[in-house]
Amino acid sequence: MDETTVRDLSQVLDDHLNERLKRLDAKKKINSILHNKSSATVIRELCGYISSLSGKAKNIATVIVVMALLRRNLDNVSEIKEVIELHGLVGHLYGGLYTLLASDSELLSIKVNLTDSSYENKYNYLIRFFDFNYWDYIEVFEAAKVLSLVDSQKFEMLALLDKTKLILLNMASHHLSVEPSKKLIGKLLQDEDELKQNIGLHFITRSITRCIQDIEYIKRSEKLGGYHDKSIRSVQRTLKTALNGCYTFLEYCDKRTHIALLTNFLLVHQSTYPVAFARNLLNSEFQSEFIYQISNTGKVKTLKDVAFLIGLISNTPAINEENKRISKSLLYMAIVNIIMSFIDDKKGIYGWDEQQSRYIEFICQRLPARCISKLRAHLTNKDRSLMASKLDEMIRFQIYLEDKRQHEIISGIINTIDMLTMKPAIDLLK
């Protein structure tokens, strides 16, 4: 083992990572460079080579050789773990992975561009994507897996420091099969980075999500008259235990983060969700933070989201510390304000059709009368300001097209409101 060997291995890895070299060709080149020596022999020779190097050079050489061995045989994790531990190279493997993932080294680093910035709901980002560059950098993740097996504390330190966040993301997606410790989850939930907070949420709600899926499966099977081997009581007991564990972890968070995470979870799991989460959002301690999530974060994207929230609010009791009912008026007004902002900002509702009509009907059936009056008045005033007349069509056609669409949406909402408010009178005439 010498500098030339390490440099040649580094070049093969670089060519493979940048898709200049196919997997099988990379394996052949690595075997050629290492003369088909066993992993144990290569690591032993590595120890002799790095004995005279500086600390950082030792780290870089170690991680390059380990990744090359893993690229040669991805099933070799256990053997490499043993020889790394045997030769006392754990610290150097950590240092090399740190240089690769957490430093700004020009010599050895990975640069990725995550798309989470376009998601106000970071939990939605996590569950929408399944592959976070795992297959692109699999030798990196397998090297990290080796580190987790020899020193879980160093691995978790690396996961927190990793600027790419790929280790945590691939743990969340189950590609990197390493279970987080309670300590790591606590640190994620307290981190200032929203994506890390939501990775923590993902870890603490895995069991809850599985229970939700089981409940949906049981209900679907029973509705279709099919067979299922699950007991809903057993699932509900598991769910209760999982919820208790989840709340224990959420105590790590401040109020805003606590409610932000629950809101994120509920907006993703709209069809079936833990009633306990909804009760938490509406109680007197957290209601103002829930209103903030609805009104100020941009997480409520569509009328479907609004319909889900109004259903949750109307079906869930709001109580104070003495277990007495409290008002939901500010929550209902937040719902009205969201709909008005959709209209004012031309977002959330992009056309009027039967589905949008059903959402609005569902929403208005649950809003208090004064909220509906405010919404109707706002829509009427907004409609008057639109340029959707025949004259506008002739002299300002582009503006006319946009405003005509808005007019159709506003008219659709107003007609739905009027139909609902007139319905009791019509019923009396029958």
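The values are calculated or read from the model by the stated rules, or taken from the named source; none is laboratory data. Here the structure is a predicted model, which means the values were calculated and not measured. Virtual Cβ from ideal backbone geometry, glycine too; neighbours counted across all protein chains shown. With ligands, DNA and RNA removed, areas are computed over all heavy atoms of the protein, side chains included. Shrake-Rupley method; radii C 1.70, N 1.55, O 1.52, S 1.80 Å.
List of remarks:
- The set of residues in segment 395-430 that are under 23 Å from Y350 (Cα atoms), at pLDDT below 75 and open to solvent by less than 70 Å² (accessible area, probe 1.4 Å) comprises Y400, E402, D403.
- Test: residue in segment 128-150 that is in contact (Cβ under 8 Å) with a residue 60 or more places away in the chain, surrounded by fewer than 19 Cβ atoms within 10 Å (Cβ to Cβ) and farther than 21 Å from I80 by Cβ: no
- Scope segment 315-343; condition of a type in the set (S, T, N, Q), surrounded by fewer than 16 Cβ atoms within 10 Å (Cβ to Cβ) and closer than 19 Å to F277 by Cα; matching residues: N315, N320, N323, S327
- Some residue of segment 293-301 being touching a strand residue (DSSP E or B) at 6+ places or on another chain (Cβ under 7 Å), open to solvent by less than 50 Å² (accessible area, probe 1.4 Å) and not acidic (D, E): no
- The sole residue among L114, L160, L166 that is of a type outside the set (D, E, K, R), within 30 Å of I259 (Cα to Cα) and at pLDDT below 95 is L114.
- Taking first residues from segment 309-321 that are part of a loop (DSSP other than H, G, I, E, B) and partners that are basic (K, R), the Cβ contacts under 6 Å between residues at least 6 apart in sequence or on separate chains come to T316/R279; A318/K328.
- Helices (runs of 4 or more DSSP H) enclosed by segment 111-204 - at least 2 residues per element that are among the basic types (K, R) and within 30 Å of V300 (Cα to Cα): 122-128
- Residue, modelled with the lowest pLDDT, within segment 377-394, restricted to residues that are loosely packed, with under 15 Cβ neighbours inside 10 Å and among the small types (G, A, S): S389
- Test: S118 is hydroxyl-bearing (S, T, Y), open to solvent by 70 Å² or more (accessible area, probe 1.4 Å) and within 22 Å of L201 (Cβ to Cβ): yes
- Flag for F290 being within 16 Å of N264 (Cα to Cα), buried (at least 19 other Cβ atoms within 10 Å of the Cβ), touching a Leu at 6+ places or on another chain (Cβ under 8 Å) and at pLDDT 95 or above: yes
Okay, residues lined up against (1) on the phi > 0 side of the Ramachandran plot; (2) at pLDDT 90 or above; (3) open to solvent by less than 50 Å² (accessible area, probe 1.4 Å); (4) in a helix (DSSP H, G or I):
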{"position": "R7", "(1), (2), (3), (4)": "no, yes, no, yes"}
{"position": "R20", "(1), (2), (3), (4)": "no, no, no, no"}
{"position": "I30", "(1), (2), (3), (4)": "no, yes, yes, yes"}
{"position": "I33", "(1), (2), (3), (4)": "no, yes, yes, yes"}
{"position": "V42", "(1), (2), (3), (4)": "no, yes, yes, yes"}
{"position": "A68", "(1), (2), (3), (4)": "no, yes, yes, yes"}
{"position": "I84", "(1), (2), (3), (4)": "no, yes, yes, yes"}
{"position": "L100", "(1), (2), (3), (4)": "no, yes, yes, yes"}
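- One residue from S234, S221 being surrounded by fewer than 14 Cβ atoms within 10 Å (Cβ to Cβ) and in a helix (DSSP H, G or I): S234
- For segment 182-218, a residue qualifies if it is open to solvent by 40 Å² or more (accessible area, probe 1.4 Å), of a type outside the set (D, E, K, R), under 19 Å from A159 (Cα atoms) and free of Cβ contacts under 8 Å to residues at least 60 places away in the same chain, but none of them does.
- Of I84, I64, all but one fail to be touching a helix residue (DSSP H, G or I) at 6+ places or on another chain (Cβ under 9 Å) and within 17 Å of S105 (Cβ to Cβ); the exception is I64.
- In summary, S284 fulfils each of the numbered conditions (1) of a type in the set (G, A, S); (2) open to solvent by less than 40 Å² (accessible area, probe 1.4 Å); (3) not in a helix (DSSP H, G or I) with the single exception of condition (2).
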